[in-house]
Amino acid sequence: MMHLRGWLLVAGVLSGILFFGWHATHAASSPKPLSSFDPQVKPILAQMTLDEKIGQMTQPDQENIADPADVATYYLGSVLSGGSSDPKEGNSLEAWTNLYDRMQKQSLKTRLKIPILYGVDAVHGHNNVLGAVIFPHNIGMGATRNAALVEKAARITAEEIRATGIQWTFAPGVMVPQDVRWGRTYEGFSDHPELVRELGAAAVRGFQGSDLSNPLSVLACAKHYVGDGGTTFGSAKTGLDQGDTRVGEATLRRIHMQGYLSAIKAGVGTIMPSYSSWNGVKCSASKRLLTEILKQELGFQGFLISDYDAIDQITPNFKEGIGISINAGMDMVMVPRKYKQFIANLKGLVQEGAVPMSRIDDAVTRILRVKAAMGLLDPNRSQLADRNLQRTFGSAEHRAVARQAVRESLVLLKNQGKVLPLKRSARVFVAGKSADDLGNQCGGWTIDWQGKSGNITSGGTTLLAAIRKNAANVGFSADGKGAEGAAVGVVVIGEKPYAEMMGDRKELSLAPEDIAAVENVKAAGIPVVVVLYSGRPMTLNPIFGKADAIVAAWLPGTEGEGITDVLFGAYKPKGRLSYNWEKQFAFGFGM
């Protein structure tokens, strides 16, 4: 039997062959420059008071707005729902749509009637809404190597977002993770900057379309600028997340900036600076990164939105941190709770001369030009949700594309004795804690910020349910006991859901109950197929010799039938590693 490292080297070689021979098949036409909307924006800017301008630069979280009238009172330019900031009525399609409309109606009561932008983290589908189609996380989309499919998935996500009225997603992530122990690894398409560059641009095209004013388009946000995937282990409290990227500028550009080059070329309207630091300086405080490189050199014409409470991390003095970040080039500030304090402090900084009026006018111009491009400044256009779009929300047509994404993302790491494909007539025994768990199948950023195990949403299909649709005789036990007499065992193992801050790990070993489930099925004397759900490469040593076949399924989302499409041979496995699995050995927890 081939050694684990040998099998992964084979997979890596196959990955490299396809990667270096792969080229984008979709050449985007140059979008209309955002600055071309300045003739529409300048007359509005000339009418605005300082309070109205600062309001446009302010983004609180809806759950901390005690009175929706604050949207009008403070002339707010944007509202967000953070990862677990849901409507009080629940996570239904109707509740989300009603929440959006309540907030938007307030903006239309202001003197200038400038609509708000409503932002959410729709990072693999409209993932906070029950019944939405949930696509594979970016690590799986990267394994498809299919730019056209990435674009199509983003287009469907945009349609489902607009069904709730919301017009802005904090996606795509164009990070280039270099250490898979990082808990946000799965948000990146690849550790190859070239692949990130191509797929990041495809996602921007999918979200925004060829025309931002299209009612089915949403505003994209490339994140997190820049180097969040290159932090040094130990430079953050959790190990990597929000740490320090200690590289020279040439390396920063060569590895970590590639996704921003292509996103800007694709017309991305917003970019989110990172919590992390570059050589000890917070990205949100770096004029070199935000103004000199991004705006002046690269010609980014959209606006910058800070991350959740990122201003608080710049310096202990909140007001001082505001001044540093705004002067560095930040245009809109995500202040989930302290929005009133932010507004008062920024106004004070302007009145004191610490923040020049020219910087305020530049920030507001950038925000308004994006709103103009989206049709938000058109007085003849309704800014409330178009509920007719809800007819296709979570539809079979949308799920078919997600199912395709799942099957194209699967990477076959091992198939000893050609146990795959499975025979539909065979008795199949299914095991593992994740086999019938939609939450584990979807991963983090699903209904809940950190995700959670269990039956978390509607409309999806677990792998166990999908296998039962394909095989006539299916047994199941989570612990793998009772497999005797079956023709083959399928054991579904992997990580439980997690997201930023909670997902960093020093080592990436499998859970003891997963190892036990594989061993129990193997003890029944039958061939064993392991399906692995994970947001990164894992250490497979304890089960590698016990498994006849291993499929890396990443975090596939709601459409479990995409996995059975491959397991039962309707489609051949096409996915290729977008991350170097061998790299984990350098961290000392492999062989």
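Any read-out appearing in this document is the output of simple, stated calculations on the displayed coordinates, not a laboratory observation. Note that the structure is a prediction, hence the values are computed from the model and not measured. Positions of Cβ are generated from backbone atoms using ideal geometry, with glycine treated the same way; all protein chains shown enter the neighbour counts.
Which of Tyr118, Tyr498 comes first, and how do the rest follow, when ranked by fewest Cβ neighbours within 10 Å?
Ordered by Cβ neighbours within 10 Å, fewest first: Tyr498, Tyr118.
Treating the angle as unsigned and between 0 and 90°, give the value, to the nearest 10°, between the Cα long axis of helix 512-523 and the longest Cα principal axis of the chain.
Helix 512-523 and the main axis of the chain meet at about 30 degrees.
A 28 angstrom limit on the alpha carbon distance is what I want to check against. Which of Lys152/Lys572; Lys433/Lys522; Lys237/Lys574 exceed it?
Flagged as over cut-off: Lys237/Lys574.
Ranking Phe37, Phe170 by Cβ neighbours within 10 Å, fewest first, what do you get?
Ranked by crowding around the Cβ, least crowded first: Phe37, Phe170.
Tell me, what does the Kirkwood hydrodynamic radius of the range 46-103 come to in angstroms if you use every pair of distinct C-alpha atoms?
Evaluated on the range 46-103, it is 12.3 Å.
Under a straight-distance cross-link criterion of Cα-Cα below 26 Å, which lysines are reachable from Lys105, leaving out those fewer than 8 residues away in the same chain?
Lys42, Lys53, Lys88, Lys113, Lys338, Lys340, Lys347, Lys371
Can you give the log10 of the normalised intensity I(q)/I(0) at q = 0.09, 0.14 Å⁻¹, computed with Debye over equal Cα scatterers of the range 38-391?
Ignoring solvent entirely, the Cα scatterers give -0.44, -1.15.
Please rank Thr462, Thr291, Thr157, fewest neighbouring Cβ atoms within 10 Å first, as an exposure proxy.
Going from sparsest to densest Cβ surroundings: Thr291, Thr462, Thr157.
Return the Rg/Rh value of the range 508-561, two decimal places, where both radii are evaluated on C-alpha atoms and Rh is the Kirkwood radius.
So for the range 508-561, dividing Rg by the Kirkwood Rh gives 0.97.
Quick one: in the range 493-586, what % of C-alpha pairs are over 16 Å apart?
Here the tail beyond 16 Å accounts for 61 percent of pairs.
P(r) of the range 144-262 in 5 Å steps, Cα pairs, percent per bin?
Histogramming the range 144-262 at 5 Å steps yields 2, 13, 20, 20, 17, 12, 9, 5, 1, 0 percent.
Just need the relative contact order of the chain here, percent rounded to a whole number, with Cα pairs under 8 Å and 6+ apart.
Relative CO of the chain lands at 18 percent.
Please report, in whole Å, how far the alpha carbons of the chain spread along each principal axis, starting with the longest.
Principal axes ranked by extent give 78, 51, 42 Å for the Cα atoms.
Taking Lys265 as the anchor, which aspartates and glutamates have their alpha carbon closer than 17 Å to its alpha carbon, excluding any fewer than eight residues away along the same chain?
Once the sequence-local aspartates and glutamates are set aside, what remains near Lys265 is Glu151, Glu194, Glu198, Asp211, Glu297.
Report, to the nearest 10°, how far helix 93-107 tilts away from the longest principal axis of the Cα atoms in the chain, using its own Cα long axis and a range of 0 to 90°.
Result, in degrees: 10.
Just need log10 I(q)/I(0) for the range 319-367 at q = 0.25, 0.29 Å⁻¹, Debye formula, equal scatterers on the alpha-carbon atoms, no solvent, rounded to two decimals.
-0.97, -1.25
Round to the nearest 10 and give me the degree value, 0 to 90, for the angle of helix 339-352's Cα axis relative to the longest principal axis of the chain.
Compared with the principal axis, the helix lies near 40 degrees.
Under the rule of -39500 (n - 2.57) per DSSP H run of 4 or more residues, summed and divided by the residues of the chain, what mean residue ellipticity at 222 nm is obtained, to the nearest 500 deg cm²/dmol?
The helix-only estimate for the chain comes to -9500 deg cm²/dmol at 222 nm.
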